[in-house]
């Protein structure tokens, strides 16, 4: 089978992050364990992130992509499964917060609430260095100056406070903070969606340059599929806590197999045309009681009776690195362009 | 402007008053919307698109004031009309939907009652008739099981359902004009697609003209017939929607189009570095002199700093406000 | 602007009270306790005794000055204790959540259910009267508002990006609470603290009035009022001046608190508390 992925360094390198059967369940309601229900926010995710790669994570709100990111960063304890950073299991209890901090960092969506208004930029960047044992003033100064330049700010601007910066500059500071400990992985949570449209290109270009020059690996959460297509090397589509399709970006965007992936792509208004493509109706079902069989069947335009019964479909390979969780993946192998007429 | 114009905005100015100074937050904005047309206003935060819409229905609140110009609705000047006149227009002839429907809905009242209220208020229906109309209205906005949903309170509904309720309220009286201010920005793309289709279908059925406001150029180009691009309080370009991406005339529009990572672009042309627009969006109190886009413009010359560019009609149709337009 | 008048008037009055207390030994005409002279008993205000004299012939002006020392010490120190307890409980409860939050919430609700003055009365009844006991009694009984406020503010800050970022950068919980949360909730806490100080001054006066606070002959405004009960019709100045002192101090602190709120806590401008 033809693999469209170009032979980049990313394709051959070993994974910096490996996630095995990760699940995060939240108990909801109930009193003293009576009547407690469980939300399966993330429900058995396997994932790999290779060095120098950008993995785009997409799905509607409530699909579990944010919970997955928080679990990777250690802000959310997994219910089961393992998270390996550079081969080391960091999901075990008692893992040092600081060790994980040096491996993975995050850039936030909102550049306003993500910076402490009472701390100068310098303090924001200096405190983590000191915490991680870098105390020599000259080294601190050098690293702050270097990271400021990397994100396109002048080192002397570090003396200022967040309110003195514009939204785009604030996002650069947020990126500088994520870079200061020189992590391998950066989680980008909607990195441009809160920015003015005319500023977004600056940040997207900056993130791509930093990835090249510093060999960073990204996990990017975004609802803007244009941004995902532009930035990602691989894409994972999540629905109700599970990955339903994953593969190289060309496969996902030009030959999507899962009806949900197609629906997401078709839902983007085409600026050169009128009307929208295939639509799925309804909204994400209540995660407290996910539907039996394929979890997407109640909204799926391609669903058949066998989709509604157990067992749920597994994530199966359809081409090199392209996996789909759909019982009809074989029959639905049509190009994306044909989908809009299929309504 | 042709005689069939439903709404004519001419040289509209909106001032922001801070202490004793007046800042022109919107300056000399002119556009017209024909009956049944979908017109788009696109721009970034602070460009004045939302306050322009608010001005149209007399909802500007201090420190914002109308600073000049005329707003004609069905030939009648309404920019200085008395509150009572505007109130009768609002909801009946002109209605509005917002980004966050939760703030516009009454949290203590069932949604069915809030829809029914429109029929009672503007159509003189009895409550009993109005309740029936409310169920029909919910069915029209494709809310499943509308006879049960009418009893729900806003917080029991999802964001998409709430926006449907808002649309039901807004279209209850078959208005001539619907103002839609970022109606889908808070929603998932799948829900957005449904809401957009709903607005398109229903406005076509009733013959309602729509003023669609968004920061999303792609959405506006898809939904609208004509598009006005606003920057820093000025309407810098007005074009047919299918031309705005293909042949933008103003450097700001052109820059914006080139800066967007459009879906499918990488698959067709490979990954191109996105074109950046330098600088930042200016604050209302800080608009530059001359052309307001000049500090960020690659085509800037001395005249751009010295003189405010006049509005020019384009041979291919549309208008642009630039000394060096393409 | 009205807002600034609050701040300035409150500030000036408060500074005046502080100066009166701090410089009492220099400003006073006589010793507030020892200079009793029954020959001068119950003299009305005049040239020698500006505020008159009390039943023992002591100079009320001097006693009111020294009374400021006691009132301010009790007000400031007890409110500091309250603030430390309230912030520590509130921030940690809001930050950690879980059973600790439930526990702190229960404790706070209990404290709110018992009138704090009654609670302080009970503590004073157990301890021997005196300034240390007063500080303990008033310092342990009025932290619930600060605690609630700190908890609520912490809850809303906890989800802010910069607090999350600090966790991701490997900060410990205590460091996050001190460097990321505390500086951002300090404004409203100072406001509550200032208003609470006024309450503590009143509470001290009330306890002393009931004979459970500062005991005579020490010049607490509350005990002075208590002593003056019998002469309120015959020699009203004995109660008027300490009463006025309490009134001015509490008013000053409330104005100051309101004024500070307008500056430090701009969100609350819309609501009127």
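Residue under question is residue B:101, and the condition is that it be modelled with pLDDT under 90, closer than 23 Å to residue B:181 by Cα and either surrounded by fewer than 17 Cβ atoms within 10 Å (Cβ to Cβ) or assigned by TED's automatic domain parsing to the domain that holds residue B:168 (or both); does it hold? Write out each step before concluding.
On the way: modelled with pLDDT under 90: yes; closer than 23 Å to residue B:181 by Cα: yes; either surrounded by fewer than 17 Cβ atoms within 10 Å (Cβ to Cβ) or assigned by TED's automatic domain parsing to the domain that holds residue B:168 (or both): yes.
Taking the combined requirement at face value, the residue satisfies it.
Just give me the residues in the stretch B:240-260 being more than 10 Å from every other protein chain (Cβ to nearest Cβ), over 28 Å from residue B:286 (Cβ atoms) and either within 18 Å of the chain's Cα centre (by Cα) or in a helix (DSSP H, G or I) (or both), in sequence order. Step through it out loud before you land on a result.
Keep residues of the stretch B:240-260 that are more than 10 Å from every other protein chain (Cβ to nearest Cβ), which gives B:240, B:243, B:247-251, B:253-254.
With over 28 Å from residue B:286 (Cβ atoms) added as a condition, the list becomes B:240, B:243, B:247.
Within the stretch B:240-260, B:240, B:243 meet the criteria.
Which of the residues belonging to the stretch B:91-124 are outside any loop (DSSP other than H, G, I, E, B) and in contact with a strand residue (DSSP E or B) (Cβ under 8 Å, 6 or more places away or on another chain)?
First, the residues of the stretch B:91-124 that are outside any loop (DSSP other than H, G, I, E, B): B:94-97, B:101-104, B:111-123.
Result: B:94, B:95, B:96, B:97, B:104.
Which condition number does residue A:108 fail, the rest of (1) in contact with a helix residue (DSSP H, G or I) (Cβ under 6 Å, 6 or more places away or on another chain); (2) at pLDDT below 90; (3) within 8 Å of chain C (Cβ to nearest Cβ) being met?
Result: residue A:108 passes all but (2).
Is there a residue in the stretch B:43-62 that is assigned to a strand (DSSP E or B) and buried (at least 18 other Cβ atoms within 10 Å of the Cβ)? So that I can check it myself, show each step before the final result.
Looking only at the stretch B:43-62, we keep the residues that are assigned to a strand (DSSP E or B), and these are none.
Checking the stretch B:43-62: not a single residue is assigned to a strand (DSSP E or B) and buried (at least 18 other Cβ atoms within 10 Å of the Cβ).
State which residue is nearest to residue A:217 (Cα to Cα) when the search covers only the stretch A:64-101 and only residues that are in a loop (DSSP other than H, G, I, E, B) and at the interface with another protein chain (Cβ under 9 Å from one of its Cβ atoms).
As a first pass, look at the stretch A:64-101 and keep what is in a loop (DSSP other than H, G, I, E, B): A:64, A:73-79, A:86-87, A:90-96.
This time we only want the ones that are at the interface with another protein chain (Cβ under 9 Å from one of its Cβ atoms), so: A:73-75, A:96.
Working: A:73: 14, A:74: 17, A:75: 19, A:96: 21 Å.
Checked the stretch A:64-101; the qualifying residue nearest to residue A:217 (Cα to Cα) is A:73.
Any idea how many residues of the stretch A:287-307 are assigned to a loop (DSSP other than H, G, I, E, B), modelled with pLDDT of 80 or more, within 14 Å of another protein chain (Cβ to nearest Cβ) and under 22 Å from residue A:42 (Cβ atoms)?
2
In the stretch A:274-286, what count of residues is obtained for those that are at the interface with chain B (Cβ under 7 Å from one of its Cβ atoms) and either over 25 Å from residue A:38 (Cβ atoms) or at pLDDT 90 or above (or both)?
Matching residues across the stretch A:274-286 total 5.
Here is a check on your reading of the model: is residue A:119 closer than 26 Å to residue A:192 by Cβ, within 14 Å of another protein chain (Cβ to nearest Cβ) and in contact with a strand residue (DSSP E or B) (Cβ under 8 Å, 6 or more places away or on another chain)?
Numbers: closer than 26 Å to residue A:192 by Cβ: yes; within 14 Å of another protein chain (Cβ to nearest Cβ): yes; in contact with a strand residue (DSSP E or B) (Cβ under 8 Å, 6 or more places away or on another chain): no.
Against the criterion (closer than 26 Å to residue A:192 by Cβ, within 14 Å of another protein chain (Cβ to nearest Cβ) and in contact with a strand residue (DSSP E or B) (Cβ under 8 Å, 6 or more places away or on another chain)), residue A:119 does not qualify.
For the stretch B:1-33, which positions are surrounded by fewer than 17 Cβ atoms within 10 Å (Cβ to Cβ) and in a strand (DSSP E or B)? Before the answer, list the steps.
Of the stretch B:1-33, the ones surrounded by fewer than 17 Cβ atoms within 10 Å (Cβ to Cβ) are B:1-4, B:11, B:17-22.
Residues satisfying the conditions are B:11, B:17, B:18, B:21, B:22.
Are there helices (runs of 4 or more DSSP H) fully within the stretch B:129-209 with at least 3 residues that are outside the structural domain of residue B:119 (by TED's automatic domain parsing) and either in contact (Cβ under 8 Å) with a residue 12 or more places away in the chain or in contact with a helix residue (DSSP H, G or I) (Cβ under 8 Å, 6 or more places away or on another chain) (or both)? List them. I'd like the intermediate steps shown before the answer.
Working: elements: B:146-149, B:159-171, B:189-206.
It comes to B:189-206.
Filter the stretch A:44-58 down to the residues that are more than 19 Å from residue A:191 (Cβ to Cβ) and crowded, with 20+ Cβ neighbours inside 10 Å and list them by number.
Of the stretch A:44-58, the ones more than 19 Å from residue A:191 (Cβ to Cβ) are A:44-48, A:50-51.
Matches in the stretch A:44-58: A:45, A:47, A:50.
Listed here are the residues, each with its yes/no results for (1) farther than 13 Å from residue A:59 by Cβ; (2) touching a strand residue (DSSP E or B) at 6+ places or on another chain (Cβ under 6 Å); (3) crowded, with 21+ Cβ neighbours inside 10 Å; (4) within 11 Å of chain B (Cβ to nearest Cβ).
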| position | (1), (2), (3), (4) |
| --- | --- |
| A:191 | yes, yes, yes, no |
| A:209 | yes, no, no, yes |
| A:231 | yes, yes, yes, yes |
| A:256 | yes, no, yes, no |
| A:272 | yes, no, no, yes |
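Taking the stretch A:146-160, which residues are surrounded by 16 or more Cβ atoms within 10 Å (Cβ to Cβ), away from chain B (no Cβ under 14 Å) and touching a residue at least 40 places away in the same chain (Cβ under 8 Å)?
Answer for the stretch A:146-160, where residues must be surrounded by 16 or more Cβ atoms within 10 Å (Cβ to Cβ), away from chain B (no Cβ under 14 Å) and touching a residue at least 40 places away in the same chain (Cβ under 8 Å): A:150, A:151.
Out of B:220, B:213, I need the residue that is touching a strand residue (DSSP E or B) at 6+ places or on another chain (Cβ under 6 Å), under 26 Å from residue B:13 (Cβ atoms) and within 12 Å of chain A (Cβ to nearest Cβ). Which one?
B:220
For (1) buried (at least 23 other Cβ atoms within 10 Å of the Cβ); (2) in contact with a helix residue (DSSP H, G or I) (Cβ under 9 Å, 6 or more places away or on another chain), each residue gets a yes or a no:
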{"position": "C:183", "(1), (2)": "no, no"}
{"position": "C:191", "(1), (2)": "yes, yes"}
{"position": "C:207", "(1), (2)": "yes, yes"}
{"position": "C:219", "(1), (2)": "yes, yes"}
{"position": "C:224", "(1), (2)": "yes, yes"}
{"position": "C:233", "(1), (2)": "no, no"}
{"position": "C:239", "(1), (2)": "no, yes"}
{"position": "C:247", "(1), (2)": "no, no"}
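Over 27 Å from residue A:203 (Cβ atoms) and surrounded by 24 or more Cβ atoms within 10 Å (Cβ to Cβ) - does that describe any residue in the stretch B:255-268?
No, every residue in the stretch B:255-268 fails to be over 27 Å from residue A:203 (Cβ atoms) and surrounded by 24 or more Cβ atoms within 10 Å (Cβ to Cβ).
Please go through the stretch A:124-142 and pick out each residue that is within 14 Å of chain C (Cβ to nearest Cβ), surrounded by 15 or more Cβ atoms within 10 Å (Cβ to Cβ) and assigned to a helix (DSSP H, G or I).
Within the stretch A:124-142, A:124, A:125, A:126, A:127, A:128, A:129, A:131 meet the criteria.
Filter the stretch C:112-165 down to residues that are in a loop (DSSP other than H, G, I, E, B) and farther than 13 Å from residue C:82 by Cα and give me whichever is nearest to the other protein chains (Cβ to nearest Cβ).
Going through the stretch C:112-165, the residues in a loop (DSSP other than H, G, I, E, B) turn out to be C:114-115, C:127-130, C:140-143, C:159-160.
Next, only the ones that are farther than 13 Å from residue C:82 by Cα stay: C:114-115, C:127-130, C:159-160.
Details: C:114: 27, C:115: 31, C:127: 39, C:128: 44, C:129: 43, C:130: 40, C:159: 9, C:160: 5 Å.
Result: C:160.
Any idea which residue in the stretch A:176-189 is nearest to residue C:170 (Cα to Cα), counting only those that are assigned to a loop (DSSP other than H, G, I, E, B) and within 11 Å of another protein chain (Cβ to nearest Cβ)? Spell out the reasoning first.
Quick first cut of the stretch A:176-189, residues assigned to a loop (DSSP other than H, G, I, E, B) only: A:180-184.
Those left that are additionally within 11 Å of another protein chain (Cβ to nearest Cβ): A:180-181, A:183.
Values: A:180: 12, A:181: 10, A:183: 12 Å.
Top of the filtered list is A:181.
The values are calculated or read from the model by the stated rules, or taken from the named source; none is laboratory data. No experiment lies behind these values; they were computed from the predicted model shown. FYI the Cβ positions are ideal-geometry reconstructions off the backbone, even for glycines, and counts take in every protein chain you see.
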